[in-house]
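A.B. asks: Before I ask anything, here is the structure I am working with.
The values are calculated or read from the model by the stated rules, or taken from the named source; none is laboratory data. In this text, all values refer to a predicted model and were calculated from it rather than measured experimentally. Glycine gets a Cβ as well: all are built from the backbone with ideal geometry, and neighbour counts include every protein chain shown. Heads up: the accessible areas ignore ligands, DNA and RNA and are worked out on the full protein's heavy atoms, side chains in. Shrake-Rupley method; radii C 1.70, N 1.55, O 1.52, S 1.80 Å.
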Amino acid sequence: VTRARDRKMVEFQQRLTTALEEAKENGVSDIAVRKILESELPSLPIYRKTGCSISRCVYAFIFYLLPLVTFILFIGYGVWNYAQGYPCYYFVPEPLREILGPLADCNFCKEIDHVPRLSELSNVEFIQKYGFTGQPIVVTDATKSWKASSVFSYKFFKQLYLSRPESMVNDKQNGQFFQYSSNIRSIYELFNMSEDSVQFRNERWYVGWSTGDGEIRNELGKYFSDPYFVPRHVSEFDSEEEEEEGEPFLAWIFMGAPGPGASLHIDHVGSPSWQAQLVGKKTWTLVPPPECANMCKSLNATINTGDMSELRSVSMLPMVHNELLIVTYEV
């Protein structure tokens, strides 16, 4: 096919040269010849065959242009993250991270069919029955001695952060901020909103962030303590392990308006965690991983003011969860 096309091209060039010479002998001007060629040449079969066919254009786009554009966007994304002060140049998207993750052992959840509400839970009972299993629990008296329930509020956190401007930079570098479906993108934006926005008059919002600043973390630690039912050696081991890895202990704060909170997701954390409800109530939906859907049940648990949920036990089992209802009329 290529040789035939080359032969036709040579023949076409010879005929064109002959035609130009005859036109010149007959007194046809170069301008007239050029106009004829510009109007007639694109319609000739030989011209169309030497153009960019659909298959050749698609091939050039897939194997040349697309990789180049992807590479430029990849570099640009890394530079943008660096300019924003993020600790990583690139982040693996959450859906891809979950798809590529290891399969869960479904034995951890096949016998779980409810979320018990407990009180006066001893260290021994917690360790023997719940601490190293996939069983989520709600402890109703875990925050009775805390000052946080009467102190923590939007106003409290705003005064705390604005009095330490450098803490916002530290939280951005060492912590995380989740805006979820709201338009609030950072701690700075959260605590510089108008009063109408704070009271949800403009739009509902729900956010969460981790305390990466040491001074903020120490100040918050004055108002709450580790759960009384978790043995001290477990908490100490967890803290020492994080210090050895060079990662500071992170406390998470979530606040927002009534309505849906976070969408269905998996928290990829490296240590046990608990959640204390200080104001309002929150309904959690716990869903087993897809590979365990035929063996394990989905669960719902409503956490009221003063309750503490132990949704991920010491053994760190992968339960998917969703925050369905956040009722915090008093932020």
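A.B. asks: Return the residue satisfying two criteria in turn: it lies in the range 158-175 and is touching a residue at least 40 places away in the same chain (Cβ under 8 Å) and open to solvent by 70 Å² or more (accessible area, probe 1.4 Å), and of such residues it is farthest from residue 209 (Cα to Cα).
C.D. replies: Filtering the range 158-175 for residues that are touching a residue at least 40 places away in the same chain (Cβ under 8 Å) and open to solvent by 70 Å² or more (accessible area, probe 1.4 Å), the one farthest from residue 209 (Cα to Cα) comes out as 166.
A.B. asks: Taking residue 92 as meeting all but one of (1) at pLDDT below 80; (2) part of a helix (DSSP H, G or I); (3) open to solvent by 80 Å² or more (accessible area, probe 1.4 Å), write down the number of the exception.
C.D. replies: Residue 92 satisfies every listed condition except (2).
A.B. asks: Using beta carbons and a limit of 9 Å, which pairs, at least six apart or on different chains, have the first residue in the range 193-218 and more than 19 Å from residue 176 (Cα to Cα) and of a type in the set (S, T, N, Q) and the second one in a helix (DSSP H, G or I) and open to solvent by 10 Å² or more (accessible area, probe 1.4 Å)?
C.D. replies: These pairs meet every condition: 202/196.
A.B. asks: Just the residues that are closer than 24 Å to residue 195 by Cβ, open to solvent by 70 Å² or more (accessible area, probe 1.4 Å) and not polar (S, T, N, Q), please, taken from the range 115-157.
C.D. replies: Answer for the range 115-157, where residues must be closer than 24 Å to residue 195 by Cβ, open to solvent by 70 Å² or more (accessible area, probe 1.4 Å) and not polar (S, T, N, Q): just 155.
A.B. asks: Ok, one more. Starting from the range 283-303, take each residue that is free of Cβ contacts under 8 Å to residues at least 24 places away in the same chain and list its partners that are assigned to a loop (DSSP other than H, G, I, E, B), counting only C-beta distances under 8 angstrom and pairs at least six apart or across chains.
C.D. replies: The qualifying pairs are 298/288.
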